[in-house]
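Single-structure report; data block below.
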2 protein chains.
Amino acid sequence: MTGTRDSGSKWSGGNCPLPLTDYPHIQIAHGGGGRLMRDLIRDLFRSALGTTHNTEMGDSALLPVLDGELAMTTDSYVVRPLFFPGGDIGSLAVHGTVNDLAVSGARPLFLSAGFILEEGLPMETLWHVVQSMAAAARDADVSIVTGDTKVVENGKADGLYINTAGIGRLHCDEPPGPGRIREHDAILLSGDIGRHGIAIMAARGELGFDLELQSDSAAINHVIASLYEKRIPVHCMRDLTRGGLATALVEVAEGSGLEMNILETDIPVLGEVSTACEILGLDPLYVANEGRFVVVVPEDSADAALSILRQHGPDLQPARIGTVTGNTTGRLVLRSLLGTERVLYLHSGEQLPRIC
Amino acid sequence: MTGTRDSGSKWSGGNCPLPLTDYPHIQIAHGGGGRLMRDLIRDLFRSALGTTHNTEMGDSALLPVLDGELAMTTDSYVVRPLFFPGGDIGSLAVHGTVNDLAVSGARPLFLSAGFILEEGLPMETLWHVVQSMAAAARDADVSIVTGDTKVVENGKADGLYINTAGIGRLHCDEPPGPGRIREHDAILLSGDIGRHGIAIMAARGELGFDLELQSDSAAINHVIASLYEKRIPVHCMRDLTRGGLATALVEVAEGSGLEMNILETDIPVLGEVSTACEILGLDPLYVANEGRFVVVVPEDSADAALSILRQHGPDLQPARIGTVTGNTTGRLVLRSLLGTERVLYLHSGEQLPRIC
């Protein structure tokens, strides 16, 4: 695992090693515990994912001894369509879980992968998804060490669902969290927001117009590791997924008990995203992302932290977007260019179709 | 967590804390990242599962420092019906992952839980499933430390699917595995086989006749811990799930490179199970279980190990069912009462409907 592999090469992983003429589609028997399942695990999953830490995919994996404190997380992925500009359900299933660990202040190490496959899923589709997972795991420098396969009847599961769980080791003794946030802390954002949600809607043809936009789906563990390596005192981090930037910061502000002020004009949004949001009546602050995070640091570390974000994402427009105040309201306040202020809340959940 | 809680009390956990009049069913918005999802996680999942190790369900959980070598596993659960005699998808999702860790020679410690919920699922159904998971986790002495919720459209996901991943700590430096099996080793079985598969078929009304039979779904980590506490040199273990006893032992024999002989008349099968299998034309050796395991130990530890199995499951008919021979065929040979011999192989996977 070098982390240097060109992710653009992920489709060049060769042909599916299972004989597609015999089994062009997933059958119920591929989850039945017999020969077909064994062949699927051995020839497709293990050959792509290289589960080096266990002797048999599907059993427990034995891990090397891990010193220090650990973090554990899980996420299921049900995105439609399975492939979208900038990613697919396989890469997303790696990025999402890697990022959950990373923003908890942990270095992601090991992932599990549980597949729920729909009867009739083209074997080649599964092969591409698993190849993409393998490439994403290599890029993020994590190992997929154990897995499971279930097959459900045709018409269920939208092709396939993936669950990944992950464990990682904390970078330092003081994990980040809302409770560590202090007055005057700076709020930094790692890049432009809203791309994933809009890209998914575009891929589904739900926009009503053509849009060339790539999801922001990406692993953020390397940039976060750099923050720790450069001794930035990270007070709090959140990755921006369902519910977008606003939801993440509302929860962080509530958890900290302090008021956070952010400036609308400092929040980077691509022109394509803001245009699409205007037409659809969506607020980009609530649109999903899969490769962005906010980080709260002391004022005197803000420039150093921002410089690290810029080194890792020179094209992403990382920015300082606000400040923690001394008010103990626990609210998130958005200030517009004209100076008007608006308190942001969690949305009801009904704004957007599911996009994760 | 005491492990002494009567699992029969799992339905007495009180009423669902979410106001069922407002939200009697799961809505797409319950997975949308907003207020509805937060309420669902806080009032239903966290209140039942008591995720003591993390500050917020859905984030990473911080784990206490774990000395020693770890094992990690994952499994998705897609069983229909959601409730069956002797268990439900919630208890099954705990037992299955606990058991995978246990037969790897690890003490199960922490579980993650990923839910894929179908729009329209009655909230009360979800509440019962989560209550049952909580009871099963208490009985097995494991903590469910982190989770995730996704909602998919009505018509998908058969009500709900659950993924659990788990980590555990190895009981000793020499984890069990087929490579440790030696000539003359004894093959022990922890109880009667085939109950889960037949109970599920009965619950689906697929038998064509009435049958009162409880699934064998149960956690086996406590009896396995006793084997290690009593210094039994465990050479290999497998839990019997999809594919049943035969599939597990075929894989073990293949992995060991040695021939295993088992005696048909020594394998405990309930009368109801063998009758149902006869009528349906099924071989109980290939029918699924969810609370049984085989353990291979040296000949001179066989009696002590069997006595421990009997203490933990006095009603389960644990038995010595065979012996490892010196032949290096890697085959599983079944001998009948009449002395005829039959080599057992993996089935193609098409014998049974999905039952896990």
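The values are calculated or read from the model by the stated rules, or taken from the named source; none is laboratory data. Source: prediction; values computed, not measured. Don't worry about glycine lacking a Cβ; one is built from the backbone with ideal geometry, like all the others, and counts go over all protein chains shown. Note: accessible area is taken over every heavy atom of the protein model, side chains too, but ligands, DNA and RNA are not part of it. Shrake-Rupley method; radii C 1.70, N 1.55, O 1.52, S 1.80 Å.
To keep it simple, each residue is scored yes or no on (1) at pLDDT 95 or above; (2) within 18 Å of the chain's Cα centre (by Cα).
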{"site": "A:150", "(1), (2)": "no, no"}
{"site": "A:167", "(1), (2)": "yes, yes"}
{"site": "A:172", "(1), (2)": "no, no"}
{"site": "A:181", "(1), (2)": "yes, no"}
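Which ones in region A:318-343 are modelled with pLDDT of 95 or more and polar (S, T, N, Q)? Those that are modelled with pLDDT of 95 or more and polar (S, T, N, Q): A:323, A:325, A:327, A:328, A:329, A:340.
Could you say whether any residue in region A:255-272 is in a strand (DSSP E or B) and within 14 Å of another protein chain (Cβ to nearest Cβ)? Walk me through it before giving the result.
Within region A:255-272, the first condition is being in a strand (DSSP E or B), and the residues that meet it are A:260-263.
Subsequent filtering for residues that are within 14 Å of another protein chain (Cβ to nearest Cβ) retains none.
No, region A:255-272 contains no residue that is in a strand (DSSP E or B) and within 14 Å of another protein chain (Cβ to nearest Cβ).
Considered as a group, the residues in region B:59-83 that are in a strand (DSSP E or B) and open to solvent by 10 Å² or more (accessible area, probe 1.4 Å) include one that is farthest from the other protein chains (Cβ to nearest Cβ), and that residue is B:83.
Checking the structure you have, find out if any residue of region A:95-108 is over 21 Å from residue A:190 (Cβ atoms) and in contact with a Lys or Arg (Cβ under 9 Å, 6 or more places away or on another chain). Within region A:95-108 (the criterion being over 21 Å from residue A:190 (Cβ atoms) and in contact with a Lys or Arg (Cβ under 9 Å, 6 or more places away or on another chain)), the answer is no, since none of the residues qualifies. Open to solvent by 20 Å² or more (accessible area, probe 1.4 Å), assigned to a loop (DSSP other than H, G, I, E, B) and within 14 Å of another protein chain (Cβ to nearest Cβ) - does that describe any residue in region B:84-95? No, region B:84-95 has no match at all.
Pairs linking a residue in region A:27-41 that is more than 7 Å from chain B (Cβ to nearest Cβ) and free of Cβ contacts under 8 Å to residues at least 40 places away in the same chain to a residue that is of a type in the set (A, V, I, L, M) and surrounded by fewer than 24 Cβ atoms within 10 Å (Cβ to Cβ), with Cβ atoms under 9 Å and 6 or more positions apart or on different chains, are A:39/A:18.
Select from region A:22-34 the residues that are surrounded by fewer than 18 Cβ atoms within 10 Å (Cβ to Cβ) and touching a Leu at 6+ places or on another chain (Cβ under 9 Å) and list them in ascending order. I'd like the intermediate steps shown before the answer.
Start the filter on region A:22-34 by keeping residues that are surrounded by fewer than 18 Cβ atoms within 10 Å (Cβ to Cβ), which leaves A:22-25.
A:23, A:25, listed by residue number.
Here's a check for you: in region B:37-58, which residue that is modelled with pLDDT under 80 and not in a strand (DSSP E or B) is surrounded by the most Cβ atoms within 10 Å (Cβ to Cβ)?
B:58
Residue A:315 meets the conditions (1) open to solvent by 10 Å² or more (accessible area, probe 1.4 Å); (2) part of a helix (DSSP H, G or I) in every case but one. The failed one is (2). Filtering region A:155-187 down to residues that are away from chain B (no Cβ under 14 Å) and crowded, with 24+ Cβ neighbours inside 10 Å, which residue is farthest from residue A:324 (Cα to Cα)? Per the criteria, the residue is A:187. The residue that is farthest from the chain's Cα centre (by Cα), among those in region B:115-132 that are of a type in the set (D, E, K, R) and facing chain A (nearest Cβ under 10 Å), is B:119. Every condition in (1) more than 10 Å from chain A (Cβ to nearest Cβ); (2) open to solvent by less than 10 Å² (accessible area, probe 1.4 Å) holds for residue B:112 except the one numbered (1). I need a count of the residues in region B:212-237 that are open to solvent by 40 Å² or more (accessible area, probe 1.4 Å) and touching a residue at least 40 places away in the same chain (Cβ under 8 Å). Total satisfying the criteria: 5. Under the condition of being assigned to a helix (DSSP H, G or I) and more than 22 Å from residue B:114 (Cβ to Cβ), the residues counted in region A:100-124 number 2. Within region A:138-148, being within 12 Å of chain B (Cβ to nearest Cβ) and surrounded by fewer than 24 Cβ atoms within 10 Å (Cβ to Cβ) holds for one residue alone: A:143.
With respect to residue B:276, is the statement that it is open to solvent by less than 10 Å² (accessible area, probe 1.4 Å) and small (Gly, Ala, Ser) true?
Numbers: open to solvent by less than 10 Å² (accessible area, probe 1.4 Å): yes; small (Gly, Ala, Ser): yes.
Considered against the rule, which asks whether it is open to solvent by less than 10 Å² (accessible area, probe 1.4 Å) and small (Gly, Ala, Ser), residue B:276 comes out as yes.
Being under 14 Å from the mean Cα position of the chain (by Cα) and under 28 Å from residue B:331 (Cα atoms) is the requirement here; does residue B:243 meet it? Considered against the rule, which asks whether it is under 14 Å from the mean Cα position of the chain (by Cα) and under 28 Å from residue B:331 (Cα atoms), residue B:243 comes out as yes.
Would you say residue B:245 is out of contact with any His (no Cβ under 9 Å at 6 or more places or on another chain), without any contact (Cβ under 8 Å) to a residue 60 or more places away in the chain and either crowded, with 20+ Cβ neighbours inside 10 Å or more than 21 Å from residue B:96 (Cα to Cα) (or both)?
Details: out of contact with any His (no Cβ under 9 Å at 6 or more places or on another chain): yes; without any contact (Cβ under 8 Å) to a residue 60 or more places away in the chain: yes; either crowded, with 20+ Cβ neighbours inside 10 Å or more than 21 Å from residue B:96 (Cα to Cα) (or both): yes.
When the stated conditions are applied, residue B:245 passes them.
Have a look at B:322, B:291, B:326, B:339 and point out the one that is of a type in the set (Gly, Ala, Ser), open to solvent by less than 30 Å² (accessible area, probe 1.4 Å) and assigned to a loop (DSSP other than H, G, I, E, B).
Working: B:322 fails: assigned to a loop (DSSP other than H, G, I, E, B); B:326 fails: open to solvent by less than 30 Å² (accessible area, probe 1.4 Å); B:339 fails: open to solvent by less than 30 Å² (accessible area, probe 1.4 Å).
Checking each option against the conditions leaves just B:291.
Out of A:106, A:135, one residue alone is among the hydrophobic types (A, V, I, L, M, F, W, C), in contact (Cβ under 8 Å) with a residue 24 or more places away in the chain and either within 14 Å of another protein chain (Cβ to nearest Cβ) or open to solvent by 10 Å² or more (accessible area, probe 1.4 Å) (or both). It is A:106.
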